[in-house]
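Structure first, then comments.
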Amino acid sequence: MATIISNRRVAEGIYVMHAEGQFGAKMGQFFMVRGWDGYPLLSRPLSVYDQNEYGVKFLYKTAGEGTRMLSRMTAGDDVTLLGPLGNGFPRAQGRTALVGGGIGIAPLYYTARHLEQADLYLGFSEKVYEEHEFEALGHKLEIDLGGRVLDRVDFDAYDTIFVCGPEPMLRAVQIKSAMSSGRADVYVSLENRMACGIGACLVCSVGCESGRKKACTDGPVFRAEEVVLA
């Protein structure tokens, strides 16, 4: 149980929740979050947007009843957090690019704060972030509002690429990675639906070349060539 410090609306249907506590989250990890006792039955998986000495932050979009209930919570309310969970982004090697699409930018802010050097490419059809926070990181930042952010990324120019976004974008990443020189180690963070977050169910099951894996415990971060996206 954690107490909410703030829960701010930053764009239409987009919120940043700051909950107190020291959790030691690593870049790319997530929490199962709930602010209710009964209905909805399941908690909601939210990526770590940031973490500081006061607590952990989540950038989320109201997409269903659970996230709408979270959006109505205010400072002083209690929220249940299970985490940090999952295997996040590995240590970046060499020149690094972070690529986010839509609400998939959520884990990239905290990741970028851990990197001395990184180029950020963020794309969306509508505003889902606070631009000044990303600008303050001091990294190269490119914004695409037309839904084609991958066109801005030269895969042959990087040693490591971290990507998070909707599944069609991740499929495009796999294609572009396969057509590149192969220099870059490309990792994708999946946005699968989850029920438990700890590997006890198969709701987040994902196809991999080596067989079925669980996005919650084996991921959510996988090598781009490892996962089989429909």
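What the table shows:
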{"quantity": "Tensor-based shape of the stretch 58-120 (alpha-carbon gyration tensor, a/c under 1.5 rounded, otherwise prolate or oblate)", "calculated": "prolate"}
{"quantity": "Mean shadow area of the stretch 2-85, taken as a quarter of the surface of its Cα convex hull (nm²)", "calculated": "4.9"}
{"quantity": "Carbon plus sulfur fraction of accessible area for the stretch 44-117, probe 1.4 Å, in percent", "calculated": "44"}
{"quantity": "Reference-scaled alpha-carbon Rg (2.2 N^0.38 Å with N residues) for the stretch 96-226", "calculated": "1.05"}
{"quantity": "Protection proxy ranking, peptides 160-173, 139-152, 79-92, average beta carbon neighbours within 10 Å, highest first", "calculated": "160-173, 79-92, 139-152"}
{"quantity": "Calculated [θ] (222 nm, deg cm²/dmol) that DSSP helices of n ≥ 4 give over the chain, each run adding -39,500 (n - 2.57)", "calculated": "-4000 deg cm²/dmol"}
{"quantity": "Sulfur and carbon atoms: percent of accessible area, the stretch 169-222 [1.4 Å]", "calculated": "51"}
{"quantity": "Total lysine pairs whose alpha carbons fall under 25 Å of each other in the stretch 96-226 (8 or more apart, or interchain)", "calculated": "4"}
{"quantity": "Length gained when the stretch L229-D156 is fully extended (0.36 nm per residue, less Cα-Cα span)", "calculated": "24.0 nm"}
{"quantity": "Principal axis dimensions, the chain - Cα atoms, whole angstrom, descending", "calculated": "51, 41, 31"}
{"quantity": "Percent antiparallel among DSSP beta bridges (both partners in the chain, rounded to 5)", "calculated": "60"}
{"quantity": "Protection proxy ranking of 52-58, 119-125 - average other beta-carbon atoms within 10 Å, highest first", "calculated": "119-125, 52-58"}
{"quantity": "Heavy-atom surface of the chain, accessible at 1.4 Å and reported per residue (Å²)", "calculated": "46"}
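The values are calculated or read from the model by the stated rules, or taken from the named source; none is laboratory data. Being a predicted model, the structure only gives us computed values, none of them experimental. Methodologically, a virtual Cβ is constructed for each residue, glycine included, from the backbone with ideal geometry; neighbour enumeration extends over all protein chains shown. For accessibility, only protein heavy atoms count, side chains too; no ligands or nucleic acids. Shrake-Rupley method; radii C 1.70, N 1.55, O 1.52, S 1.80 Å.
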